[in-house]
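Asker: First the structure, then my questions, so here it is.
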Amino acid sequence: MRSISILGATGSIGASTLDLVRREKGNWRVVALTANGNCAELARLAREFSAEIAVIADESRLAELRDALSGSDIEAAGGESALVEAAARSADITIAAIVGCAGLAPTMAAIEQGGIVGLANKEALVSAGEVMTAAVDRSKATLLPVDSEHNAIFQCLAGNDIGHVRSITLTASGGPFRDWSVEQLKNATPAQAVKHPNWDMGAKISVDSATMMNKGLELIEASHLFPVGLDRLRIVVHPQSIVHSMVEYRDGSTLAQLGPSDMRVPIASALAWPQRMDTPCEPLDLAAIGALTFRETDEQRFPATRLAREAAQAGGAAPTVLNAANEIAVAAFLDGRIAFTRIAAHVEEVLSCYAPDAPATLDEVIAIDAEARTRAKAGLLTESAPLD
Ligand code: NAD
Ligand code: MG
């Protein structure tokens, strides 16, 4: 029996993780489940999995959570500090699946307890970079990538010496707008952006996929997880999302990991590591798929990968600022306040006017993130005409 905590249990990654846990319930003891505001779903899951504690980040909803859990012996807690305390409880594995920098402090708390952390919450690593990797080293935690590309790379590196890597290629589906013109992109709606052709994901990452910022964030994520140097990290558009990423070695061998576009595959790889477990996913039928194609990214139409690469090259606080500005711009786009093409433009503007010193501690990362958000929001107020 192994113990597990899921930060962001009510989201897309949370649901996929719990689906796998549900299939082998006897093997798992659930410690903490957390959510932002959906008390009913959190309580339902906490009861189903007999969680030790359920935490709602929005403290104003704690009374509602307590009501929903009444009659059970599940602890209820609310607020950011409760989230961090729950994440710090001992668990064999924690799945970090909160969206955005909101997941940073709880993910760091899970890392500090020294167990295995399955990282889906890429924004936390992008934002905290060296601060997080130093915490992993210090606490002897094991950080397992759940993001499908990074999980693929992790699998392709197994048994090899990272010193022999010539390049690492992240694959990108290209998102729902990969063939759209700039004119069409200007009028792209939130509903169109969240309809990803291959993956079923939360709203924020779906928009990031559409702008290609997701791949930009993943480039920065990869630079921390696989320190081969930025010049060895590549991106290629692969519309079928079957090859999840590749590692090329000095002898000319390229290893790739393939699988269905279903996050339960990389999540299962992290849950069972270093073993393997069953998933309900359909086996890959390459003959039915027929062709796997690859093409260059187009940074004219999708500048986000350039912005992320530049932020990674600049290092220090630049990725923290990039991530924060992107979170604000994506939220504004989803609210119908800015045009799709303004997301990357806005991120670039914030990056060009806010360049603080590199953060050395978690508190400094959080302070820079907060200031970047304030500036990003202020910048939005000066945006021209809002969308209809
Ligand atoms: P989602 O929006 O479906 O779920 C997010 C979860 O985080 C929910 O449980 C929500 O309650 C919680 N949450 C949101 N805001 C919060 C806050 N302020 N404080 C505390 N909790 C909060 O998102 P998702 O698609 O599951 O993505 C989660 C993370 O995994 C993201 O970082 C995303 O980039 C990454 N990821 C997702 C996928 C995917 O297929 N969905 C793939 C790779 C990586
Ligand atoms: Mg990914």
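Asker: Go through region 259-279 and give me each residue that's more than 15 Å from ligand 2 (Cβ to nearest atom) and free of Cβ contacts under 8 Å to residues at least 40 places away in the same chain.
Answerer: As a first pass, look at region 259-279 and keep what is more than 15 Å from ligand 2 (Cβ to nearest atom): 268, 271-279.
Those that are more than 15 Å from ligand 2 (Cβ to nearest atom) and free of Cβ contacts under 8 Å to residues at least 40 places away in the same chain: Ala272, Pro274, Gln275, Arg276.
Asker: Same structure, new question: Could you give every pair whose Cβ atoms fall below 8 Å, whose first residue belongs to region 231-246 and is over 13 Å from Ile153 (Cα atoms), and whose second residue is open to solvent by 20 Å² or more (accessible area, probe 1.4 Å) and of a type in the set (Asp, Glu), counting only separations of at least 6 or pairs across chains?
Answerer: Note: pairs meeting the criteria are Val236/Glu296; Val237/Glu296.
Asker: Shifting gears a bit: Across region 188-243, what is the number of residues that are more than 26 Å from Gly14 (Cβ to Cβ) and in contact with a Pro (Cβ under 6 Å, 6 or more places away or on another chain)?
Answerer: 0
Asker: Scan region 261-281 residue by residue and report those that are part of a loop (DSSP other than H, G, I, E, B) and either open to solvent by less than 30 Å² (accessible area, probe 1.4 Å) or farther than 17 Å from Cys156 by Cα (or both).
Answerer: Going through region 261-281, the residues part of a loop (DSSP other than H, G, I, E, B) turn out to be 261-263, 273-281.
Scanning region 261-281 gives Ser261, Asp262, Met263, Met277, Asp278, Thr279, Pro280, Cys281.
Asker: Among the helices (runs of 4 or more DSSP H) contained in region 1-75, which hold 3 or more residues that are open to solvent by less than 50 Å² (accessible area, probe 1.4 Å) and free of Cβ contacts under 8 Å to residues at least 40 places away in the same chain? Outline the logic, then answer.
Answerer: Details: elements: 12-23, 39-48, 62-68.
So the answer is 39-48, 62-68.
Asker: Just wondering, is there one or more residues in region 104-114 that are within 16 Å of ligand 2 (Cβ to nearest atom) and either closer than 17 Å to Gly8 by Cβ or not assigned by TED's automatic domain parsing to the domain that holds Leu33 (or both)?
Answerer: From region 104-114, those within 16 Å of ligand 2 (Cβ to nearest atom) are none; that's our starting set.
Within region 104-114 (the criterion being within 16 Å of ligand 2 (Cβ to nearest atom) and either closer than 17 Å to Gly8 by Cβ or not assigned by TED's automatic domain parsing to the domain that holds Leu33 (or both)), the answer is no, since none of the residues qualifies.
Asker: Right, something else. Among the candidates Gly229, Gly202, which residue alone is small (Gly, Ala, Ser) and within 16 Å of Ala120 (Cβ to Cβ)? Lay out the reasoning, then the answer.
Answerer: Values: Gly229 fails: within 16 Å of Ala120 (Cβ to Cβ).
Going through Gly229, Gly202 in turn, just one is small (Gly, Ala, Ser) and within 16 Å of Ala120 (Cβ to Cβ): Gly202.
Asker: Any residue at all in region 56-78 that is within 30 Å of Arg309 (Cα to Cα) and β-branched (Val, Ile, Thr)?
Answerer: Quick first cut of region 56-78, residues within 30 Å of Arg309 (Cα to Cα) only: none.
No, region 56-78 contains no residue that is within 30 Å of Arg309 (Cα to Cα) and β-branched (Val, Ile, Thr).
Asker: Sticking with this structure for a sec: Going through Leu144, Leu157 one at a time, which residue ends up being in contact with a strand residue (DSSP E or B) (Cβ under 8 Å, 6 or more places away or on another chain) and within 16 Å of ligand 1 (Cβ to nearest atom)?
Answerer: Leu144
Each row is one residue, and each column tells you yes or no for (1) closer than 30 Å to Ser253 by Cβ; (2) in contact (Cβ under 8 Å) with a residue 40 or more places away in the chain.
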{"residue": "Phe154", "(1), (2)": "yes, yes"}
{"residue": "Ala158", "(1), (2)": "yes, no"}
{"residue": "Asp161", "(1), (2)": "yes, no"}
{"residue": "Ser167", "(1), (2)": "yes, yes"}
{"residue": "Ala172", "(1), (2)": "yes, yes"}
{"residue": "Glu183", "(1), (2)": "no, no"}
{"residue": "Lys204", "(1), (2)": "no, yes"}
{"residue": "Val207", "(1), (2)": "no, yes"}
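Asker: Another question about this same structure. Just one of Ala105, Ala134, Ala110, Ala152 is open to solvent by 20 Å² or more (accessible area, probe 1.4 Å) and within 18 Å of the chain's Cα centre (by Cα); which is it? Break it down into steps so the answer makes sense when it comes.
Answerer: Details: Ala134 fails: within 18 Å of the chain's Cα centre (by Cα); Ala110 fails: open to solvent by 20 Å² or more (accessible area, probe 1.4 Å); Ala152 fails: open to solvent by 20 Å² or more (accessible area, probe 1.4 Å).
Of Ala105, Ala134, Ala110, Ala152, the one residue that is open to solvent by 20 Å² or more (accessible area, probe 1.4 Å) and within 18 Å of the chain's Cα centre (by Cα) is Ala105.
The values are calculated or read from the model by the stated rules, or taken from the named source; none is laboratory data. What you are looking at is a predicted structure, and each value in this text was computed from that prediction instead of being measured. Positions of Cβ are generated from backbone atoms using ideal geometry, with glycine treated the same way; all protein chains shown enter the neighbour counts. With ligands, DNA and RNA removed, areas are computed over all heavy atoms of the protein, side chains included. Shrake-Rupley method; radii C 1.70, N 1.55, O 1.52, S 1.80 Å.
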